[in-house]
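Before any comments, here is the structure.
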Amino acid sequence: MNNNRLKSAKRDAMLDAAGVEFLKRGYLKTSTKSIALAAQITEKTLFQYFSSKLDILQQLIIRQHSNLAEKLREQVQGVDDAYQQYLRFSECYTQEIEEHWQFYSRPADIYRGLTRDTYSEESPALHNPVNEVLEGIIKRAIKNRALAEGFDPIVFVYTYLGSIDYFNRSHQYSPAAGSPAERQERMLNCAQQLWNAAERFNPQNQGASEAELMERLTHIADEIQRLGNRSPR
């Protein structure tokens with residue numbers, strides 16, 4: 001293993017340890033000392049790779065998003081039909097959400113350090129390449145007339161990601177949520193409902209189309225609420 005690969009492996013090990021600490025303690029209660037201890041290194045070594053605890057958190061988020069975006073690109077590569085791309089994207093994305101549910105269902109704990117004072121809009125950690133993959137699929141659907149011209153891809157992207165995120169966080173603490181496969185199936189159903197609503201978008205009556213999309217989201221939220229009392233997973 002050459003020197004660069006060795007450094008990269010060490011850096012990844014530190015980020016892995018930091019991820020465990022952030023999830024276990026929350027951002028504010030995690031210290032660089034506890035991260036170094038978990039990674040079995042000294043704080044001095046830790047600061048040779050990262051400038052601060054906030055830098056560690058930002059790099060952890062960047063790595064998570066970049067790795068997921070690469071997986072998603074591989075899933076849709078070579079698929080011409082936008083709807084089939086969307087299905088593959090959704091299957092891969094919801095599987096990732098389910099496998100790493102702690103990271104995605106506890107953003108308040110993990111992102112605690114990302115305040116206005118330290119986390120500007122120019123921060124690389126704010127950029128999520130996953131958004132770009134889904135936006136590209138929706139743009140292809142519009143170009144191929146699977147979705148109407150005038151439909152806003154950005155609105156769909158944030159509606160999709162926000163809905164899946166809310167769905168995931170609500171399900172993880174519900175005893176009625178079922179098995180991992182059942183939870184993923186529910187998230188895929190949520191994705192399908194959003195696509196169906198987008199298909200019915202009418203640029204001549206945009207207000208009504210947006211109202212229908214919101215109605216579908218409300219229906220999804222109602223289904224989530226009916227899952228019953230929450231308890232730790």
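The values are calculated or read from the model by the stated rules, or taken from the named source; none is laboratory data. This structure is a prediction, so every number in the text was calculated from the model and none was measured. Heads up, the Cβs are rebuilt from the backbone with ideal geometry, glycines too, and the neighbour counts pull from every protein chain shown.
Restricting to the range 140-164, give me the number of residues that are surrounded by 15 or more Cβ atoms within 10 Å (Cβ to Cβ) and within 24 Å of residue 70 (Cβ to Cβ).
Adding up the residues that qualify gives 10.
Take the residues in the range 28-66 that are touching a Gly at 6+ places or on another chain (Cβ under 6 Å) and buried (at least 19 other Cβ atoms within 10 Å of the Cβ); name whichever of them is farthest from residue 132 (Cα to Cα). Even if it seems obvious, please write down each step before you answer.
If we filter the range 28-66 for residues that are touching a Gly at 6+ places or on another chain (Cβ under 6 Å), which is where we start, we get 54, 57, 60.
Pick out the ones that are also buried (at least 19 other Cβ atoms within 10 Å of the Cβ) and you get 57, 60.
Values: 57: 22, 60: 19 Å.
The residue in question is 57.
Looking only at helices (runs of 4 or more DSSP H) that fall completely inside the range 114-233, which ones have 1 or more residues that are assigned by TED's automatic domain parsing to the domain that holds residue 101, within 16 Å of the chain's Cα centre (by Cα) and at pLDDT 85 or above?
Numbers: elements: 129-143, 153-172, 180-199, 206-225.
In the range 114-233, the matching helices (runs of 4 or more DSSP H) lie at 129-143, 153-172, 180-199.
Scan the range 28-41 and give yes if some residue there is modelled with pLDDT under 90 and more than 23 Å from residue 9 (Cβ to Cβ), otherwise no. Break it down stepwise before answering.
Residues of the range 28-41 modelled with pLDDT under 90: 28-29.
Retained after the next criterion (residues that are more than 23 Å from residue 9 (Cβ to Cβ)): 28-29.
Yes, some residue in the range 28-41 is modelled with pLDDT under 90 and more than 23 Å from residue 9 (Cβ to Cβ).
Pull out all pairs, ordered by first then second residue, where Cβ-Cβ is under 7 Å, the residues are six or more apart or on different chains, the first lies in the range 131-148 and is under 13 Å from residue 93 (Cβ atoms), and the second is among the aromatic types (Phe, Trp, Tyr).
From residues that are under 13 Å from residue 93 (Cβ atoms), the pairs are 133/89; 134/89; 134/160; 137/86; 137/89.
Which residues, taken from the range 67-94, are buried (at least 17 other Cβ atoms within 10 Å of the Cβ) and closer than 30 Å to residue 26 by Cβ?
Answer for the range 67-94, where residues must be buried (at least 17 other Cβ atoms within 10 Å of the Cβ) and closer than 30 Å to residue 26 by Cβ: 68, 69, 72, 92, 93, 94.
Quickly run through the range 50-69 and pick out the residues that are assigned to a helix (DSSP H, G or I) and out of contact with any helix residue (DSSP H, G or I) (no Cβ under 8 Å at 6 or more places or on another chain). I'd like the intermediate steps shown before the answer.
Of all residues in the range 50-69, those assigned to a helix (DSSP H, G or I) come to 53-69.
Answer for the range 50-69, where residues must be assigned to a helix (DSSP H, G or I) and out of contact with any helix residue (DSSP H, G or I) (no Cβ under 8 Å at 6 or more places or on another chain): 54, 55, 67.
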